[in-house]
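Asks: Encoded as structure tokens, here's the structure I'll be asking about.
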Amino acid sequence: MSSYYQDSADQRLSYPPLLGDLKADICVVGAGYTGLSSALHLAERGYKVIVLEARTVGYGASGRNGGHVGVGQRQDQQYLEEKFGPEVASALWAMGLEAVDTVQQLIEKHKINCDLKQGNIHFAHRAKYNQELQEEISFLHDRYGFDQLDYVPKEKLTEVIGSKVFHSALVNRASKHLHPLKYAQGLAKAAVDAGVEIYEHSAVIGYSGTPLLIKTARGQVTAKEMILACNGYIGKLEPRINGRIMPINNFMLATEPLSDELAAQICPLDTSMSDSRFVINYWKLSADNRLLFGGGENYRRGFPADIKGFVRKYMLSIYPQLSDTRIDYGWGGTLAITLNRMPHFGRLEDNIWYMHGYSGHGVPTATFAGKLVAEAISGKLERFDLMANLPTQKFPGGTLLRWPGMVAGMLYYALRDRF
């Protein structure tokens, strides 16, 4: 199932499979943002790093997502203050801003051509959310001195979107958006330039011992430490942690290239966009004026037979003027969510590190996770431990029975979106 991202990324980049026995200071499992950022930051600190990837660089959520690079955490600041207290919430806010800056700095430093653009707009799909958007602006300005937000009332929405279905909007001038697979490929190239060895088509089938022996079908790596960077694709590799995340599937489409006039009409500011639904819609323009639209998800192991048609109805609910527009691509991917939508960081046996469960906020947060784990392995544990100490509950029923409860809960919230 080819995606627009795959067809518009660099087709020449590939890495060999692992054959034989190798040694490293640190072995990273997974070549998405988490693994690649970890490898790059560790290599820059002088560590010998090997990355093992089951498929190809960016194959998972890192190469399939909406490309939004939003400030803050997946949960809003008011929730974080109420749940964790003002001190922890303030640290999380600062790290959320730094995460976006880290993405931009990596792009600039390593000259990653990934169609980086500025701004995000979040729309209220019900009038009852208008006040919440205004309160969020005031809260972040008054408590955190953040002045990058603008409120757009309904009567002025034509200035920011060519749609009549929304009631207000919040423009975030500090957020960004990009081509996610090009960004992942750029991180991989930067890591290799820094001395990292990447092996594709090298799924890890198990690990044991001290030092760690990490095995694939055709080779093995001996390493002092290991980073699990698998997110929604961890499967049964590590039962001790995968019960705290839930893999879910999300879907996107890409239209044919739009005329300059139509593109300017539907997205006047060329920002990324999202709405206030629990099952969120998110969209943006590509560098070649396609509408990239994400909508709908499912909670089973298979994808819809007709992904284009599955997502198209969500797109047309916002942009009915695109009813005659050809859909060139439809694709899906698996991400991992947590019960409280905050990422799950931690360690097993002191030398196995993991970061996952980004809950749809992965571009900045996963990139920043790599920076934090490099700090921690180098001896500066404070910021990693702050994230690791955030409570993350197990899904009821564990890995076997979490699906039915999750489906019931998500269907409830999906129903609530309609009212």
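Asks: With everything on Cα atoms, drop me the angle between helix 130-144 and the longest principal axis of the chain, reported from 0 to 90° to the nearest 10.
Replies: 50
Asks: Kindly state, to the nearest 0.05, the FRET efficiency for Y144 paired with K109, given R0 = 45 Å and r defined as their beta-carbon distance. Please list the in-between numbers first.
Replies: On the way: r = 27 Å, r/R0 = 0.60.
The computed FRET efficiency comes out at 0.95.
Asks: Can you find, among S138, N249, G20, the residue farthest towards the positive end of the dipole of region 4-408? Put +1 on the C-beta of Lys and Arg, -1 on that of Asp and Glu.
Replies: G20
Asks: Now a separate question. Taking the beta-carbon count within 10 Å as an exposure proxy, list S38, S168 from fewest neighbours to most. Could the numbers behind the result be given before it?
Replies: Values: S38 31, S168 24.
Arranged by neighbour count, lowest to highest, S38, S168 become S168, S38.
Asks: Measure nothing fancy, just the Cα-based angle from helix 180-193's long axis to the longest principal axis of the chain, in degrees from 0 to 90, nearest 10.
Replies: 30
Asks: Related question: To the nearest 20 Debye, how big is the dipole of the chain about its Cα centre, given +1 on the beta carbon of each Lys and Arg and -1 on that of each Asp and Glu?
Replies: On the way: 45 positive and 43 negative charges, 244 e Å.
The dipole magnitude comes to about 1180 debye.
Asks: For the chain, set up a Gaussian network in which alpha carbons nearer than 10 Å are linked by springs, and say which option among A124, A254, A305 fluctuates the most.
Replies: Checking each option, the largest mean-square fluctuation is seen for A305.
Asks: Now for a separate question. Could you state the angle between the C-alpha long axis of helix 362-377 and the longest principal axis of the C-alpha atoms of the chain, as a value from 0 to 90 degrees rounded to the nearest 10?
Replies: Approximately 30 degrees, to the nearest 10.
Asks: Among C267, C230, which comes first, second and so on when ranked by fewest other beta-carbon atoms within 10 Å?
Replies: Numbers: C267 23, C230 26.
Least to most surrounded, the residues fall as C267, C230.
Asks: Quick one: among Q11, Q73, Q220, which has the greatest mean-square fluctuation in a GNM of the chain with alpha-carbon springs under 10 angstrom?
Replies: With Cα springs under 10 Å in the chain, the top fluctuation among Q11, Q73, Q220 is at Q11.
Asks: Quick one: Cα centre-to-centre distance for region 351-367 and region 147-170, in angstrom?
Replies: Rounded to whole Å, the Cα centres lie 31 Å apart.
Asks: Let me ask something additional. Based on alpha-carbon positions alone, could you give the equivalent ellipsoid semi-axes of region 121-205 from the gyration tensor, as √(5λ), descending, whole Å?
Replies: Details: eigenvalues 318, 58, 32 Å².
They are 40, 17, 13 Å, listed largest first.
Asks: Sequence gap at least 6, Cα distance under 8 Å: using those rules, report the relative contact order of the chain to the nearest whole percent. Write down the numbers at each step before the final one.
Replies: Working: 909 pairs, mean separation 99.0, N = 419.
In percent, rounded to a whole number, it is 24.
Asks: Follow-up question, since we're still on this one. Please work out how much length the chain gains when fully extended from R45 to D306, using 0.36 nm per residue of separation minus the C-alpha to C-alpha distance, in nm with one decimal. Can you show the working numbers first?
Replies: Working: separation 261, 0.36 × 261 = 93.96 nm, distance 4.63 nm.
Contour length minus Cα-Cα distance gives 89.3 nm.
Asks: I need the Kirkwood Rh of the chain: take the reciprocal of the average 1/r across all distinct C-alpha pairs and report it in angstrom. Intermediate results must be reported in sequence, preceding the final value.
Replies: Values: mean 1/r = 0.0458 Å⁻¹.
Here the Kirkwood hydrodynamic radius works out to 21.8 Å.
Asks: Write down the percent of antiparallel bridges among all DSSP beta bridges whose residues are both part of the chain, to the nearest 5. Present the calculation step by step, with values, prior to reporting the outcome.
Replies: On the way: 48 of 71 bridges.
In the chain, DSSP labels about 70 percent of beta bridges as antiparallel.
Asks: Cross-link list K109/K176; K109/K371; K284/K308; K176/K308; K48/K182; K109/K189: which exceed 19 angstrom alpha carbon to alpha carbon?
Replies: Values: K109/K176 17 Å; K109/K371 15 Å; K284/K308 17 Å; K176/K308 26 Å; K48/K182 25 Å; K109/K189 12 Å.
Those over the limit are K176/K308; K48/K182.
Asks: At 0.36 nm per residue, minus the direct Cα-Cα distance, what do V88 and D193 gain on full extension? Give it in nm, one decimal, please. Please list the in-between numbers first.
Replies: Details: separation 105, 0.36 × 105 = 37.80 nm, distance 3.61 nm.
Separation in residues times 0.36 nm, less the Cα-Cα distance, equals 34.2 nm.
Since every read-out is calculated from the coordinates, none of them should be taken as a lab result. These numbers were taken from a predicted model, which means no experiment stands behind them. Here the Cβ is made from the backbone with ideal geometry for all residues, glycine too, and neighbour counts use every protein chain on show.
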